[in-house]
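As structure tokens, the structure follows; a few thoughts come after it.
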Amino acid sequence: MNSGEGADIEGFRESISRRFRSPVPGALFANVGSTEPIKISRVISPPVKTEELPAESAFVVHVHMAPLPELDIWIDGRHAEMPSLHIGEVVILDLDAAPFAHIHHPMDFMLVQISKRTLEDIAYDRGERPPRRLHPTLGGTRDQVLHGLSSALADRLETYGPEDSLFVDYAALAFHAHIVRAYGEVRDPVHPRGGLAPWQSRRACGMMTADLSGRVTIAELAAGCGLSVSYFVHAFRKTMGIPPHKWLMDQRLRRAKSLLRRTKLTLSEIALMCGFADQSHLTRAFSRQEGSPPGQWRRLARD
């Protein structure tokens, strides 16, 4: 992450915090081939009357992680009926309509903001006609796909912070693909059929293994292979059998096992050398794949 992007994320966090009168623990930017990132934040807020913001050429999607019994909302200056919201229900608002709300109870939701420029850019990249608009949704629709993606992003953000760009980018692309099909007006996409050429596989894998921390983005990998983001994601999975972030995790764990077997480095040292956020991150990922924590695995491997 460069300093300019870090400043942009901090500005986004501050705007969300100001709007909902509550600290925002973290925010994520997914740079997926457009000039404007997809912006993501978890919002946990007390009852609040949100400030009225200037119109903006973007959509915001709220995926509710807890029930919200009651609120009042104004769109284009007019009061709109808003049902009580349940876990997994979705609200989609057009920020051009300058929405604001009076929220009477504590709330918890994942906020995803996508500019209209980004909606168009990624749609063109996928070979689709860009959606003219997303249908505004004021609750009443439970979306298991978006709730699953939001839960994964929330867990990732809470556990590891804003690192691991590949996972965030991949989730954001999945988020985009679902909302334009479920809430927009688009034709069926034209998916590429081929995989990566051998040189492209070597280039992408080399870029990821050069920095096991996962700070390389999908857009950077695609550019290194001379491909669009959507084509690269499809072709990589077709060639490798798994998406880029999972391939990278496999490499981290492979490197960790080598160091566990051959060195006397501590688990904390190995975690940092293999691109994990900390020892706890290594232990969780290792135990999930191997069925035992790394310390126990090391003892058994040496025996």
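The values are calculated or read from the model by the stated rules, or taken from the named source; none is laboratory data. If you're wondering where the values come from, they're calculated on a predicted model, not measured in any experiment. Cβ: placed from backbone, ideal geometry, glycine included. Neighbour counts: every protein chain shown.
Answer with yes or no whether E10 is at pLDDT below 90, of a type in the set (D, E), assigned to a loop (DSSP other than H, G, I, E, B) and over 19 Å from R133 (Cα atoms). Full working, then the answer.
On the way: at pLDDT below 90: yes; of a type in the set (D, E): yes; assigned to a loop (DSSP other than H, G, I, E, B): no; over 19 Å from R133 (Cα atoms): yes.
So E10 fails the test.
Spot the failing condition for L272; the list is (1) under 27 Å from H176 (Cβ atoms); (2) more than 22 Å from the chain's Cα centre (by Cα); (3) part of a helix (DSSP H, G or I), and only one is missed.
With (1) under 27 Å from H176 (Cβ atoms); (2) more than 22 Å from the chain's Cα centre (by Cα); (3) part of a helix (DSSP H, G or I) applied to L272, the lone miss is (1).
Which one is farthest from the chain's Cα centre (by Cα) among residues in region 234-244 that are modelled with pLDDT of 85 or more and farther than 14 Å from M207 by Cα?
Here the residue is T239.
Is there a residue being more than 22 Å from the chain's Cα centre (by Cα) and in a loop (DSSP other than H, G, I, E, B) anywhere in region 245-263?
The answer is yes; a qualifying residue exists.
Do any residues in region 72-93 that are touching a residue at least 12 places away in the same chain (Cβ under 8 Å) and among the charged types (D, E, K, R) have Cβ atoms under 9 Å from those of residues that are crowded, with 16+ Cβ neighbours inside 10 Å and part of a loop (DSSP other than H, G, I, E, B), where the two are at least six apart or on different chains, and which pairs are they?
Pairs found: D72/M82; D76/A98; D76/P99; E89/D143.
Just for region 104-120: of the residues that are surrounded by fewer than 19 Cβ atoms within 10 Å (Cβ to Cβ) and under 21 Å from the mean Cα position of the chain (by Cα), which one is nearest to P37 (Cα to Cα)?
Once the filter is applied, the top-ranked residue is R117.
Which residues, counting only those in region 56-74, are surrounded by 16 or more Cβ atoms within 10 Å (Cβ to Cβ) and of a type in the set (A, V, I, L, M, F, W, C)? Break it down into steps so the answer makes sense when it comes.
Taking region 56-74 first, the residues surrounded by 16 or more Cβ atoms within 10 Å (Cβ to Cβ) are 58-65, 68, 71, 73-74.
Hits for region 56-74 are A58, F59, V60, V61, V63, M65, L68, L71, I73, W74.
Mind checking which strands (runs of 3 or more DSSP E) fall wholly inside region 82-157 and carry at least 1 residues that are touching a strand residue (DSSP E or B) at 6+ places or on another chain (Cβ under 6 Å) and among the acidic types (D, E)?
89-94, 107-115
Could you check how many residues of region 107-138 are of a type outside the set (F, W, Y) and modelled with pLDDT under 80?
Of the residues in that region, 10 qualify.
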